[in-house]
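The values are calculated or read from the model by the stated rules, or taken from the named source; none is laboratory data. This structure is a prediction, so every number in the text was calculated from the model and none was measured. As a convention, Cβ positions derive from the backbone with ideal geometry for all residues, glycine included, and neighbour counts pool all protein chains shown. In case anyone asks, the SASA skips ligands and DNA or RNA and just uses the protein heavy atoms, side chains included. Shrake-Rupley method; radii C 1.70, N 1.55, O 1.52, S 1.80 Å.
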Amino acid sequence: MELKAKLQTALQLHQTGEALQAEKLYREILQIEPDHADVLHFLGILKAQQSNFETAKELLTKAVKLEPESASFHNSLANTLKNIGQLKQAISHYKIALKLEPNYATAYNNLANIFLIQQNLTKAKTYYLKALENNPEYIDANYNVAIILRKQNKDNEALECLDKILALKNNHAAAHNQKAEIKHQQGEFELALHHYKECLKLDPLNPELFHNIGAIFIEQGNPTAALKYYLRLLQIAPDFDIYYNLGVIYMYQGRPSDAILYFKKALQQNPDHFATHSNLGAIYLKAEDYNNAILHYKIALKLEPKNSEITYILNAITEEQTPAAAPKEYIKNLFDQYAPNFDQHLTAMLDYKAPELLYDAVAKNKDEITATWKVLDLGCGTGLAGAKFRPLAKQLIGVDLSEKMIAVAREKNIYDVLHVADIEKILRQYHNLDLIIAADTLVYIGKLDKIFALCKRALKNSGIFAFTIEATDKYPYTLQKSARFAHHQQYIEELATQNGLNITC
């Protein structure tokens, strides 16, 4: 076989992945013609592809010496030098290649890769853009610019690069993944899901994709949709995160036995995981299994000794101490968690009647109710009480610690003004109110002295403070195992008298 034909056969074998046969022919040619620069170059590339970088360096260095004016030879040698960590020498050869061939887009991209490794984002971006000047449809360069823009917190500009890539190559898995991550962070969950699922088609066994899709469904309050992705993960790559997330999903679904099973599997892998112990404590507390609840809450408190929420819950269960109120963090986190399904849970499952009872009590004590009142709803939640009182309010103001509850209330378009804030702070801001309502709010406050005083200050002389409480025979109040306060009737009467309020029902 002539050398030219043998080289052509070797190249074909090389391109089709037949590396051993290709190398054999390359070396046969070199035995005949040891200074065949092209063969040295091709064999050097083959050895680099096999991660035999020292041999590749030796072959490519010889090729460059034989043909120092070959830009592609310098580029290939630089690639190998980069792979063995000789970055300074690699930069030198990339620059020689670009001097020899100023429009060499691949060399610009490769040079930029080194600066990206060195976290020199400015230089890296400069050379990636040079690559794109010479080849605007260079997918790798576009993708790398997108990565830099993300590192610079310029996600919208990164999206432009990713869209360009997907227009050129819609099956670019990494571009779909990057776009999904950006849309996820921006809260555009449906678009994020679309791109994660496109990526999953291209990379069907990627555990991270199943995890990310499941996480979005959980954020959307759709644990049922998340479940199948985490169950698939359980088959592909079971680990602590999978067990924990399955526990969370089953807890949301009201399947405590399944939740306990997976939380305990999670603890086998990480016995000191705070959230797992906290969740197990919550499940056992709801089931009134106080011994197990105390066990897990105490472990959680040992892991985070300054955690005010766990301290509060343990005080409730053990009845060892009675604080003045629930920690704000406890209330916020509790209702942020409940927000997606709060209305359904209260109205359908618990037959919640507090708004109706409050409205009836107010109606009985007013000669005429017209839509002229200024009403403040303390702990307004998703607006269940606000909806009932809206017809009599000229201005309806809502306040709650939970951003997610307020978000649900805002969608209902019930309130004229909504605040995410502490109720004491908001009470100080308003005057001449006709009505203050607190449906199922004072159960998270034990000592009500300041609340009564602030309500009196904020109300008109003829104003009404309408609220619900839970009753106890322990004076003045007690923290119950439910982590809610109950108040003694005498305490409420004393507060009313001290603040010049008349009890009418």
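Some values worked out for this structure:
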| quantity | calculated |
| --- | --- |
| Residue in the range 302-334 that is surrounded by the most Cβ atoms within 10 Å (Cβ to Cβ), counting only those that are part of a loop (DSSP other than H, G, I, E, B) and under 31 Å from the mean Cα position of the chain (by Cα) | 326 |
| Search result, residues across the range 197-220 that are among the polar types (S, T, N, Q) and either at positive phi or in a loop (DSSP other than H, G, I, E, B) (or both) | 206, 220 |
| Criterion violated by residue 487 - all others in (1) surrounded by fewer than 21 Cβ atoms within 10 Å (Cβ to Cβ); (2) in contact with a Pro (Cβ under 8 Å, 6 or more places away or on another chain); (3) not small (Gly, Ala, Ser) satisfied | (1) |
| Test for residue 453: is it at positive phi, among the hydrophobic types (A, V, I, L, M, F, W, C) and open to solvent by less than 70 Å² (accessible area, probe 1.4 Å) | no |
| Close pairs (8 angstrom Cβ cut-off, 6 or more residues apart or separate chains): assigned to a helix (DSSP H, G or I) in the range 89-103, acidic (Asp, Glu) anywhere | 100/69 |
| Every pair of residues 6+ apart whose Cβ atoms lie under 7 Å, when the first sits in the range 140-151 and is hydroxyl-bearing (Ser, Thr, Tyr) while the second is open to solvent by less than 10 Å² (accessible area, probe 1.4 Å) | 143/165; 143/175 |
| Which listed residue is within 24 Å of residue 327 (Cβ to Cβ), buried (at least 21 other Cβ atoms within 10 Å of the Cβ) and not polar (S, T, N, Q), from 436, 397 | 436 |
| Some residue of the range 21-31 being under 52 Å from the mean Cα position of the chain (by Cα) and within 19 Å of residue 65 (Cα to Cα) | no |
| Top-ranked residue in the range 98-112 [being more than 15 Å from residue 82 (Cα to Cα) and hydrophobic (A, V, I, L, M, F, W, C); ranked as surrounded by the fewest Cβ atoms within 10 Å (Cβ to Cβ)] | 100 |
| Near pairs, Cβ below 7 angstrom, 6+ apart or cross-chain, from the range 59-80 (within 16 Å of residue 26 (Cβ to Cβ)) to any residue that is of a type in the set (Phe, Trp, Tyr) and assigned to a helix (DSSP H, G or I) | 60/73; 63/73 |
| Contacts under 9 angstrom Cβ, first residue in the range 435-461 being free of Cβ contacts under 8 Å to residues at least 60 places away in the same chain, partner basic (Lys, Arg) and not in a strand (DSSP E or B), 6 or more apart | 443/484; 454/428; 457/428 |
| Test: residue in the range 279-301 that is closer than 25 Å to residue 478 by Cβ, open to solvent by 30 Å² or more (accessible area, probe 1.4 Å) and aromatic (Phe, Trp, Tyr) | yes |
| Residues being open to solvent by 40 Å² or more (accessible area, probe 1.4 Å) and farther than 21 Å from residue 231 by Cβ - total across the range 188-197 | 4 |
| Only listed residue being part of a helix (DSSP H, G or I), without any contact (Cβ under 8 Å) to a residue 12 or more places away in the chain and within 30 Å of residue 232 (Cα to Cα), chosen from 278, 257 | 257 |
| Considering residues of the range 199-229 that are farther than 28 Å from residue 254 by Cα and surrounded by fewer than 20 Cβ atoms within 10 Å (Cβ to Cβ) only, the residue nearest to the chain's Cα centre (by Cα) | 206 |
| Selection status of residue 493, surrounded by fewer than 15 Cβ atoms within 10 Å (Cβ to Cβ) and either within 24 Å of residue 313 (Cβ to Cβ) or more than 42 Å from the chain's Cα centre (by Cα) (or both) | yes |
